[in-house]
Amino acid sequence: MRTPKVWRMVDVQVLLVLLLSLLASGQGSKRSADLIVNGMVVTMDGSRSIYDDGAVAIAGDTIVAVGPRVEIEAGYGARQTIDAPGKLVLPGFINGHTHVPMTLFRGLHDDVTLNDWLYKYIFPAEAKNVTEDFVRWGTRLAVAEQIRSGVTTFADMYYFEDAVAEETKAAGMRGVLGETFIDFPAPDNKSNAAMLAYTEKFLQKWQGDPLIHAAPAPHSIYTCSKKTLQDAAALARKYHAPILIHLSEMKKEWDDSLKNNGASPVQYLDKIGVLGPDVVGAHCIFVDEADRKILAQRNVGCVHNPSSNMMIASGVAPVPEMRAAGIAVGLGTDGPAGSNNDLDLMEEIDLVEKLAKITKMSPRALNAQAVVEMATIDGARALHMEKEIGSLEKGKKADLIVIGMDEPNAVPMYDVYAQVAYALKASDVETVIIGGRVVMRDHKLQTVDEAAAIAKAREYQKRIAASLGMQ
Ligand SMILES: [Zn+2]
């Protein structure tokens, strides 16, 4: 029997009323989200809010609410809960400068000058060994190591960067990944034309990806001609990509630039139109007052690498002065070969303020909160990603870490910033979430086959040593 049309309309109305009343009732008005509850939530938001008994609500890859636990639990029904009683919940750390595939060269040649290390050892070792397979395995090892120290985003400069991107994406990490431009035949691209073509394809492929930001990375002013630098910058600007470069990282670079360009490295790059709000300069050690003014005006992000600068004895970046000039200064490991040799960002957090203090002979040179800022929100600003990451705020990507506080080095705690800066270690990081996905839970990596990466690193060690006549 056919239902009269009028009855069907009534049915629809009844259903609508039922649905609305359900939504208006207590249970129905709760939105569902993944919740991290019971921890001390250190947001690094604009007012540096900290919630002693806090919670973070995540929907998809985004944070939808942060605040006191009772408020968040009243508004959100938990789809999945991570209980973090007595633990710290922080934004994921940002490693603003590294070369991840170089994990496979870790410890190959240390205790030499940067110039010797590059030209006598690393460039020849790379020519003989760096293939796409090398880059993939080096990246797998590096993502495992970085996740273990609470890194959720890293900026990289290397070759076969598309392979770095694929491995980074597979591990669920966020990356600003720069394909190297350099004025000699590189392991992947043998000419400047090939570098440009490879990088353009690389930029096109990753446009709009939620995790991967592809970028051109002209190595430095001492390895790239004016044309190479300008070509890389033009390509970046065509695709609204960042530009990664080593900037004023050694005294020789500064001296040669004055001699050859009649300007400091910063002023030379400004003169040829490369500096802008999309540039991320690694190191920025030799930057005088005039340079710092230009870097601030052009909104260039700078990344300080304390371990690397100390290990190669490059010099000390004027971090307090750069911060005072309004420059966004992030933190990086550099390395991992020849200039660190690990990817432990918590070690950099520990070293950065100690290096500043001893250099200035003042314990006030840089404080604990400033250092946590450099590892999080200022690191995001240095990468020009502060709208996306760097703090726990509604609308930002759900990149966060849970740090356990039950080890002897973690107690007692009077000041949370001091604890993170001076007492906690990478081994205290328990759980890591990137874009809402748990990539490490209770110290167990979820997205990388760590054992396979370690075994392969040992295999590569033999191969590399043999290629250099070390065996
Ligand atoms: Zn570097």
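Any read-out appearing in this document is the output of simple, stated calculations on the displayed coordinates, not a laboratory observation. Nothing here was measured: the structure is a model prediction, and the numbers come from that model. We place every Cβ from the backbone using ideal geometry, glycine too, and count neighbours over all the protein chains shown.
Annotation note: chymotrypsin sites (Phe, Trp or Tyr not before Pro) in the range 351-432 located in DSSP loop regions with a Cβ neighbour count of at most 11 within 10 Å are Tyr414.
Once the Kirkwood radius over Cα pairs is known for the range 116-156, the Stokes-Einstein relation at 20 °C and 1.002 mPa s delivers a diffusion coefficient of 181 µm²/s. Shape class for the chain: prolate, because the ratio a/c of the largest to smallest gyration tensor axis (alpha-carbon atoms, square roots of eigenvalues) is 1.5 or more and a/b beats b/c. For the peptides 358-370, 192-204, 235-247, the ranking by packing is 235-247, 192-204, 358-370, with the highest mean count of neighbouring Cβ atoms within 10 Å listed first.
As a rough footprinting exposure proxy, the listed residues Asp406, Asp270, Asp53 were ranked by other beta carbons within 10 Å of their own, and the order from fewest upward is Asp406, Asp53, Asp270.
Label-to-label distance, Arg79 versus Ala263, with points set 7 angstrom from Cα along the beta-carbon direction: 5.1 nm. Would you work out if the range 241-372 is rounded, prolate or oblate? Take a ≥ b ≥ c from the square roots of the eigenvalues of the alpha-carbon gyration tensor; rounded if a/c is under 1.5, else prolate when a/b is larger than b/c, oblate otherwise. Since a/c reaches 1.5 and a/b is larger than b/c, the shape of the range 241-372 is classed as prolate. Less than 16 Å from a label point 7 Å out along the Cα-to-Cβ axis of Lys251: which backbone N atoms in the range 312-354 qualify, by residue? Label zone hits: 312-318. Couplings for the range 342-353, taken from phi via the Karplus curve 6.51 cos²θ - 1.76 cosθ + 1.60 with θ = phi - 60°, read 9, 10, 8, 5, 5, 5, 5, 4, 6, 7, 4, 7 Hz in order; Gly and Pro are left as x. For helix 132-148, what angle does its Cα long axis make with the longest principal axis of the chain, in degrees from 0 to 90 and rounded to 10? So the helix axis and the longest Cα principal axis differ by about 60 degrees. Here the 3J(HN,Hα) profile of the range 40-48, calculated from phi with Karplus coefficients 6.51, -1.76 and 1.60 at θ = phi - 60°, is 8, 8, 9, 7, 6, 6, x, 9, 6 Hz, Gly and Pro shown as x. A simple spin-label model places the labels of Lys120 and Lys462 2.9 nm from each other, with each point 7 Å out along Cα-to-Cβ.
Full extension of the chain between Asp52 and His443 yields a length gain of 138.4 nm, computed as 0.36 nm times the residue separation minus the alpha carbon distance. Using Cα centres only, tell me the gap between the range 291-318 and the range 345-375 in whole Å. Here the two parts' Cα centres lie 14 Å apart. Quarter the surface of the alpha carbon convex hull of the range 297-351 and you get the mean projected area, 3.9 square nanometres.
Pairs of Lys residues in the range 315-435 are counted when their Cα atoms are under 22 angstrom apart and they lie 8 or more places apart or on different chains; the count is 4.
Within the straight-line cut-off of under 30 Å between alpha carbons, the lysines reachable from Lys462 are Lys120, Lys128, Lys169, Lys190, Lys444, sequence neighbours fewer than 8 places apart in one chain being disregarded. Judged by the mean number of other Cβ atoms found within 10 Å, the most tightly packed of the peptides 294-301, 438-445, 342-349, 38-45 leads the ranking 342-349, 38-45, 294-301, 438-445.
Toward the positive end of the charge dipole of the chain, about the Cα centre and with charges on Cβ (Lys, Arg +1; Asp, Glu -1), which of Val352, Thr376, Thr62 goes farthest? With unit charges placed on the Cβ atoms, the residue in question is Thr62.
Given in Å, the Rg to one decimal and the Dmax to the nearest whole number for the Cα atoms of the range 30-113 are 18.4, 61. Phi angles across the range 358-375 convert, under the Karplus curve 6.51 cos²θ - 1.76 cosθ + 1.60 with θ = phi - 60°, into 3J(HN,Hα) values of 5, 5, 8, 6, 8, x, 8, 4, 8, 9, 4, 5, 4, 5, 5, 4, 4, 7 Hz, Gly and Pro given as x. Between helix 226-238 and the chain there is an angle of about 10 degrees, using the helix long axis and the longest principal axis of the Cα atoms.
Stokes-Einstein diffusion for the range 265-309, with the hydrodynamic radius set to the Kirkwood value over Cα pairs and evaluated at 20 °C in a medium of 1.002 mPa s, equals 200 µm²/s.
For Gly150, nonlocal amide neighbours, meaning residues 5 or more places apart or on other chains whose placed amide H falls under 5 Å from its own, do not occur.
Classified by the C-alpha gyration tensor, the range 373-471 has a prolate form. Its axis ratio a/c, with a ≥ b ≥ c, is 1.5 or above, and a/b is larger than b/c.
By the Cβ-Cβ criterion of under 4.7 Å, the unpaired cysteines of the chain are Cys224. May I ask for the percentage of alpha-carbon pairs in the range 323-427 that lie more than 16 Å from each other? Tail of P(r) above 16 Å: 64 percent of Cα pairs.
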